[in-house]
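The values are calculated or read from the model by the stated rules, or taken from the named source; none is laboratory data. Owing to the predicted nature of the structure, the values given are computational and were not obtained by experimental measurement. Note that we place each Cβ from the backbone using ideal geometry, even for glycine, and neighbour counts take in every protein chain shown. The area values use the complete protein model at the heavy-atom level, side chains included, leaving out ligands, DNA and RNA. Shrake-Rupley method; radii C 1.70, N 1.55, O 1.52, S 1.80 Å.
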Amino acid sequence: MFNDELAWIFSEMGDMEEIEGNRWESLAYRKVAANLEGLGEDIREIYKRNELRKIDGVGAAIEKKIQQYIQHGKIDAYDRLKQKYPIDFRNLRKIQGLGPKKIAALFVNLGVTDIESLKSAIIGHKVAVLPGFGERTETNLLKGIEVLSTVGASRVLLGRAYPDIEAIIAYLNSTGLFDNVILAGSARRMRESIGDVDILVTSSRRKEASDAFIKSEYVSSTVVAGESKVTVNLKLGITCDLRFIDADSTGAALQYFTGSKDHNVHLRDLAVSKGLKLNEYGLFREDSRIAGKDERGIYESLGLEFIEPELRENTGEIDAAMKHELPAIVNFKEIKSDLHMHTLDSDGKNTLEDMLLNSRKNGLEYIAMTNHSTSLKVAHGLDSQRFNELNARIDEISSRLSIPVLKGVELEILRDGSLDLPGNSLKEMDYVLAALHQYVSQDRKENTDRIVKAIESGYIHGLAHPTGRLIGSREPYNIDLDRVLEKCVENHVFLEINGYPERSDLPADIVRRMRESGVKFALGSDAHSISDLKFIRFATAIARRGWLTPEAIVNTLSYSAFRKLLAR
Ligand SMILES: [Zn+2]
Ligand SMILES: [Zn+2]
């Protein structure tokens with residue numbers, strides 16, 4: 001959180017210095033911003049050890065700025081620039097095709113400072129006439145704004161919000177003022193994006209407990225501070241409700257505040273049909289409470305199997321629970337590997353060694369190292385020779401650290417469906433993940449044929465982020481997923497569930513639709529830094545929301561079993 005804030009400030013300074021024409025400063029600030037993301041520990045700890053200068057890209061001048069921010073919560077140089085450019089870079093930069101230079105032109109000529117003012121400038125047709133813009137840019141910017149709003153202005157992707165949510169819960173526990181702190185709501189259901197955070201607590205010192213929450217570093221302002229509920233705005237950009245509940249009705253409150261709303265409505269109707277009453281305090285027959293202390297008791301008393309939070313969307317889970325036909329969905333502790341990640345060798349931010357050590361720290365048995373192949377120039381893709389060198393290093397480090405590593409590649413599927421590395425190179429690879437990143441057409445058949453050709457090549461093991469969507473910046477590719485699925489089943493190619501928050505690809509509803517096809521799913525974090533490695537957990541969440549059992553997921557196999565599967 002603190003690192004992210006600071007990284008953002010440096011990246012914004014990078015933007016503003018670029019506008020100023022100070023290329024060198026701009027590059028230096030951006031480099032620090034990127035390195036902060038790969039740190040893996042709170043920079044304030046590094047500051048305490050007096051080791052800021054050890055961070056790559058931090059010289060005397062930048063060190064001073066970091067110190068000033070840690071000590072005083074501000075950076076003078078940043079404030080000066082910001083006075084000159086009072087622009088909402090954070091959101092404007094999310095719009096496809098909008099870099100610092102264009103943002104500056106919009107600001108200087110039209111007074112555009114945020115998405116709203118950009119939108120009205122576009123609607124007033126003032127953007128197209130600016131030098132360097134034109135009709136097409138104007139249309140594209142409007143489209144970019146529309147795509148951006150698909151996440152929703154007041155929603156945050158789960159994978160982006162979760163670290164803060166966990167930190168808030170850890171903080172509340174550390175105060176000693178709470179007896180119990182439990183996450184509820186859509187974050188407990190692990191929805192792709194969340195609009196607020198619901199935390200249930202029990203405490204015998206409510207006043208002090210509320211104050212401690214309000215004063216925490218994650219809160220930007222208080223909306224209401226009531227007796228039994230405190231609502232705040234989080235720095236994350238969404239609200240958080242802290243509800244004081246009675247220990248006695250914890251299960252009922254948890255069930256009620258976990259939702260979803262539709263699930264709860266269905267459950268209440270079921271209770272009524274059995275002559276019972278269900279609310280946030282318990283399950284009642286007449287005036288006597290028959291369940292409510294724990295959540296399981298409520299489902300049991302209604303004649304249902306326990307329903308995991310990720311399934312509570314009223315999409316058939318209650319009927320399945322009634323018939324005792326719910327699948328035994330995968331648990332995170334059954335996931336033994338991460339099958340998609342990058343290092344400094346292509347576009348990652350950490351070394352091979354760092355990625356391995358941190359994967360093990362996260363409890364994984366083995367990983368697949370999948371850097372980009374040569375045609376993806378923006379990501380410094382590797383050619384055969386660089387892969388040879390890298391693979392030799394992988395062998396050395398993997399045996400030194402005793403962490404099994406599959407030598408892999410995230411391989412470009414070229415325009416005509418051929419593959420980006422020669423066959424003899426691909427045969428050297430343990431794990432080939434094919435992907436579409438470039439030259440994607442509007443034509444459904446053309447895109448699908450291209451992917452099918454790769455699937456049928458006999459060289460690939462898995463298809464990375466199959467729909468290609470980027471939440472908030474790009475729509476899914478126009479492809480015939482059913483045909484891709486059919487070919488994957490036929491050719492024993494896995495479909496990836498990519499846990500990188502902006503991808504979350506395949507989405508859970510598609511996973512669920514495909515789960516009985518016989519296709520195997522491969523989970524990957526698509527980590528580009530050690531802190532991204534946690535995204536494997538969100539890939540698992542998608543699998544759970546897609547009703548997948550461990551058998552459908554190759555990451556539940558041990559290293560030796562997975563190698564055997566690949567050999568077939
Ligand atoms: Zn990719
Ligand atoms: Zn990738």
Test residue 455 against the criterion of being under 21 Å from residue 373 (Cβ atoms), of a type in the set (Val, Ile, Thr), more than 16 Å from ligand 2 (Cβ to nearest atom) and within 24 Å of the chain's Cα centre (by Cα), and give yes or no.
-> no
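Starting from residues that are away from ligand 1 (no atom under 16 Å from the Cβ) and buried (at least 19 other Cβ atoms within 10 Å of the Cβ), keep the ones in region 430-448 and report whichever is farthest from residue 345 (Cα to Cα).
Among them, the one singled out is 448.
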For region 368-395, enumerate the residues that are away from ligand 1 (no atom under 16 Å from the Cβ), among the hydrophobic types (A, V, I, L, M, F, W, C) and either in contact (Cβ under 8 Å) with a residue 24 or more places away in the chain or open to solvent by less than 10 Å² (accessible area, probe 1.4 Å) (or both).
-> 387, 390, 394
Please find, within region 337-347, the residue that is most open to solvent (accessible area, probe 1.4 Å) out of those that are near ligand 2 (Cβ under 9 Å from one of its atoms) and closer than 12 Å to residue 382 by Cβ.
-> 347
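Quick grid of which residues meet (1) touching a residue at least 12 places away in the same chain (Cβ under 8 Å); (2) open to solvent by 20 Å² or more (accessible area, probe 1.4 Å):
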position: 132; (1), (2): yes, yes
position: 136; (1), (2): no, yes
position: 158; (1), (2): yes, no
position: 185; (1), (2): yes, no
What is the one condition in (1) more than 11 Å from the chain's Cα centre (by Cα); (2) within 16 Å of ligand 2 (Cβ to nearest atom); (3) farther than 20 Å from residue 568 by Cβ; (4) not β-branched (Val, Ile, Thr) that residue 500 does not satisfy?
-> (1)
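Let's see how each residue does on (1) farther than 15 Å from residue 82 by Cβ; (2) at pLDDT 90 or above; (3) not β-branched (Val, Ile, Thr):
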| residue | (1), (2), (3) |
| --- | --- |
| 3 | yes, no, yes |
| 11 | no, yes, yes |
| 27 | yes, yes, yes |
| 37 | yes, no, yes |
| 45 | yes, yes, yes |
| 48 | yes, yes, yes |
| 53 | yes, yes, yes |
How many residues of region 348-357 are touching a residue at least 40 places away in the same chain (Cβ under 8 Å) and surrounded by fewer than 22 Cβ atoms within 10 Å (Cβ to Cβ)? The answer is 3
Would you mind finding the one in 14, 59, 40, 111 that is more than 30 Å from residue 358 (Cα to Cα) and of a type outside the set (Asp, Glu)?
-> 111
Among the residues of region 358-367, write down those that are in contact (Cβ under 8 Å) with a residue 40 or more places away in the chain, buried (at least 17 other Cβ atoms within 10 Å of the Cβ) and in contact with a Leu (Cβ under 8 Å, 6 or more places away or on another chain).
-> 358, 359, 366
Which ones in region 13-51 are over 30 Å from the mean Cα position of the chain (by Cα) and not charged (D, E, K, R)?
-> 19, 21, 22, 24, 50
Test for residue 87: is it under 28 Å from the mean Cα position of the chain (by Cα) and in a helix (DSSP H, G or I) | no
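Condition check ((1) loosely packed, with under 14 Cβ neighbours inside 10 Å; (2) in a loop (DSSP other than H, G, I, E, B); (3) of a type in the set (A, V, I, L, M, F, W, C)) across all residues:
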position: 32; (1), (2), (3): no, no, yes
position: 64; (1), (2), (3): no, no, no
position: 98; (1), (2), (3): no, yes, yes
position: 109; (1), (2), (3): no, no, no
Subset of region 486-525 that is of a type in the set (A, V, I, L, M) and in a helix (DSSP H, G or I) - its residue that is surrounded by the fewest Cβ atoms within 10 Å (Cβ to Cβ) | 489
Looking at region 464-485, which of the residues that are within 16 Å of ligand 2 (Cβ to nearest atom) and among the aliphatic types (A, V, I, L, M) is surrounded by the fewest Cβ atoms within 10 Å (Cβ to Cβ)?
-> 470
Scan region 542-554 and give yes if some residue there is surrounded by fewer than 16 Cβ atoms within 10 Å (Cβ to Cβ), of a type in the set (Val, Ile, Thr) and away from ligand 2 (no atom under 16 Å from the Cβ), otherwise no.
-> yes
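Out of the residues in region 396-417 that are open to solvent by 40 Å² or more (accessible area, probe 1.4 Å) and in contact (Cβ under 8 Å) with a residue 12 or more places away in the chain, which is nearest to ligand 2 (Cβ to nearest atom)? Lay out the reasoning, then the answer.
Quick first cut of region 396-417, residues open to solvent by 40 Å² or more (accessible area, probe 1.4 Å) only: 396, 399-400, 402, 414-416.
Next cut, in contact (Cβ under 8 Å) with a residue 12 or more places away in the chain only: 414-416.
On the way: 414: 17, 415: 19, 416: 22 Å.
Residue satisfying both the conditions and the ranking: 414.
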Restricting the search to region 314-333, which residues are loosely packed, with under 15 Cβ neighbours inside 10 Å, more than 17 Å from residue 509 (Cα to Cα) and not polar (S, T, N, Q)?
-> 319, 322, 323, 324, 325, 328, 332, 333
